[in-house]
1. How many residues, within the range 66-95, are of a type in the set (Val, Ile, Thr) and in a helix (DSSP H, G or I)?
2. Residues in the range 374-385 that are surrounded by 13 or more Cβ atoms within 10 Å (Cβ to Cβ) and either within 18 Å of Val112 (Cα to Cα) or at pLDDT below 90 (or both): how many?
3. Taking Asn409, is it open to solvent by less than 30 Å² (accessible area, probe 1.4 Å), more than 30 Å from Gln122 (Cβ to Cβ) and of a type outside the set (Gly, Ala, Ser)?
4. Of all residues in the range 402-423, which are within 18 Å of Glu319 (Cα to Cα), of a type in the set (Phe, Trp, Tyr) and in a loop (DSSP other than H, G, I, E, B)?
5. Looking at (1) under 21 Å from the mean Cα position of the chain (by Cα); (2) open to solvent by 50 Å² or more (accessible area, probe 1.4 Å), which is the one condition that is false for Leu396?
6. Restricting attention to helices (runs of 4 or more DSSP H) lying wholly within the range 96-204, give those where 2 or more residues are within 18 Å of the chain's Cα centre (by Cα).
7. Name the pairs: first residue in the range 461-475 and under 14 Å from Gly360 (Cα atoms), second residue loosely packed, with under 14 Cβ neighbours inside 10 Å, Cβ to Cβ under 8 Å, at least 6 apart or on different chains?
Amino acid sequence: MICECLLIFILVLVVWKLINNRSVTHLYPPGPPSLPILGNLWTLRFKLHHDTLIQLAHVYGEIYTIWLGQTPVVVLNGYRAVKELLNSHSDDFLGRPILPFFMDLMGEKGIVLTSGHTWKQQRRLGHMAFRILGLGRISMEQHIQEEAQNLIELFSMNKGAPLDPSDCIVHSVSNIISFLVFGKRFLPGNKSFQELHKATELVIAAPGTFWARIYDMVPSLLHVLPGPHQKAFKYYNFLCSFIKKEVEQHKKLRICQPGDDKDVIDCYLTQIQKTQNDPSSTYNDDNMIHLIADLFMTGTETVTTTLRWALLYLVTFVEIQEKVHMELDTTLLPCDVICYEDRKRLPYTNAVIHEIQRFGNIVSVGVVRKCMKDTKLHGFNLPKGTIILPNLSSVLYDPKQWETPFKFNPQHFLDEHGMFLTNDAFLPFSSGQRVCLGEQLARTELFIFVSNLLRKFSFRLPEDQHPRLDYIQAATLQPHPYRICARIRH
C-alpha cells in the first residue's frame, strides 16, 4: 500500500512538472526537448560543456533554451549574438542570478554575485582602489617584474630537471594579488598561504561539479548531507576567516599609524568611514570580506591557469617557442627590464600570448547574466529573472571570426607585415559593463611573466612525457598535470 501511494505521488509530481514546463516553455527561445524534473541535465551530463553548447547551436541556432532542472537558461552562441548582449548599454542584462549552491556558499555579497545598486558600488570601489594603488603604472609593474624574477629563481633551482610548474606559478601569481589586497607577499612554504591556495582551488572547482548541480535541485537536503560539496563550504569559511583577521589587523594599524591607503582593505575601510551616514551605502564589513575573497580567488586562478596552459603550448609547439626566443633576442638588450609597453616592440610575442588566451580559453562558457526586468533580446521577449548564458568559447572559436579556430595559430593576431592585429572577437575577459575588473592587471602579468620566462629558459617536455591538450572541467578549464624541463638559455 505504501509503495503504491509513493508511486502515485511520483507520477502526479512528474505530470504536474510536465504540465508546468509546457505552460512556460513558450516564453523562451526553442531548444532541445527536456525531461520532467531533470530538464536537460541528463543530456548535458550535469555539466555545462562549451563543446556541447556549440553543438546544440548547430541544431537550434545561435540562441536557444536549455533547462537545468526546472530552471530555464537562454544560451547565446557566436560573436554576433554574444556581442549584442555584452555590449548592451542597457541595465536590463546586468543582473547576476544566484543558484542555491552559490547562495549558500557565498551569498549575495561582494562583486561577482551581486546585482543592481550593490554591484555598482562594489565595482566602483574596486576600480577606485586599483587606480589609487597604481594599476597600470610603473610602481605596479615593478612588483610584477619582481614576482616574475622570483618565479625564474624557483625554476632555476631545479637545474633543468623535470618539474611540475604549477606550485611555483601559483605562488608568484598569488603574491601579486596578495600585495594588492593585503599589502604584503608571502614566502614559499608559508602554511597559511598554502591553505589559501587550496581553498581557492576547491571553491572555484566546486560549482562545475556534479554535486553542485544536484545541490541546486535539492538544496535543503544537500546542505545537511555529507559529501564532496561540504569541502567547498569548509574552505570558503577558512578563506573568509583569514580575510577577517587581516581586516582586524588593518583596523588596529590605521589607529596607530594613520596614513595613505596601502591596499584594497585600506581603501575599503576609508570608504566605509566616508559613507557611514549614507543610508544607501552598501560599504560594510560583510561586502568587504567577500569582495576581497572575489579578488583574491579570481586574481589567482585566472592568471595561474593561463600560465599553465602557456607553458604546455610552448613545449608542444616548439617552433613557436623558438620564434619568440628569436624576437626577444633581436629586440631586447641584455640589460633591458621587460615592461608592458614592450609589447609594441614584440608583436610576435604579444600575438602568441593572445593566442594562448584564445585557444586555451579558461572561462569555458562564461558567467551567467539575469534579466532585471521584462525585456527583448534577438527578437525574443524574455521575462524578468530570465538567466542568460553567453557562451564565450563559441566566440573565441567562431569560424566566422578566426581563420583556423581549432588550431593554435599566432597568425590570428598578426597582419601580413608581421605587426600585431587586434580582433573584436577576442573576449577572454568578457566585455561591456561587467567586463573583468582585473583585465588590465591580468594582461600585464601575462606579458611580463611569459616574456621574462622565455627570455631566460628554453622549455621542453621530459623524454617520457607526451603533451596532453584536453582539459579538466571545473569552473575554469584546467590542463592535466604535466612536467617540464626549464633549461637556462645562454
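1. 1
2. The qualifying residues number 5.
3. Details: open to solvent by less than 30 Å² (accessible area, probe 1.4 Å): yes; more than 30 Å from Gln122 (Cβ to Cβ): yes; of a type outside the set (Gly, Ala, Ser): yes.
Here the answer is yes, as Asn409 does meet what is asked.
4. Scanning the range 402-423 gives a single hit, Phe408.
5. (2)
6. Details: elements: 100-105, 116-132, 138-156, 166-181.
The qualifying helices (runs of 4 or more DSSP H) are 100-105, 116-132, 166-181.
7. Short answer, once both residue conditions are applied: Arg468/His480; Asp470/His480; Tyr471/His480; Ile472/His480.
Yes or no, residue by residue, for (1) assigned to a helix (DSSP H, G or I); (2) open to solvent by 30 Å² or more (accessible area, probe 1.4 Å); (3) free of Cβ contacts under 8 Å to residues at least 24 places away in the same chain; (4) aliphatic (A, V, I, L, M):
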position: Asp266; (1), (2), (3), (4): yes, no, no, no
position: Tyr283; (1), (2), (3), (4): no, no, no, no
position: Leu307; (1), (2), (3), (4): yes, no, no, yes
position: Glu319; (1), (2), (3), (4): yes, yes, yes, no
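The values are calculated or read from the model by the stated rules, or taken from the named source; none is laboratory data. Nothing here was measured: the structure is a model prediction, and the numbers come from that model. Quick reminder, even Gly has a Cβ in these numbers, built from the backbone with ideal geometry, and neighbours come from all protein chains shown. We work out accessible area using only protein heavy atoms, side chains counted, and drop any ligands, DNA or RNA first. Shrake-Rupley method; radii C 1.70, N 1.55, O 1.52, S 1.80 Å.
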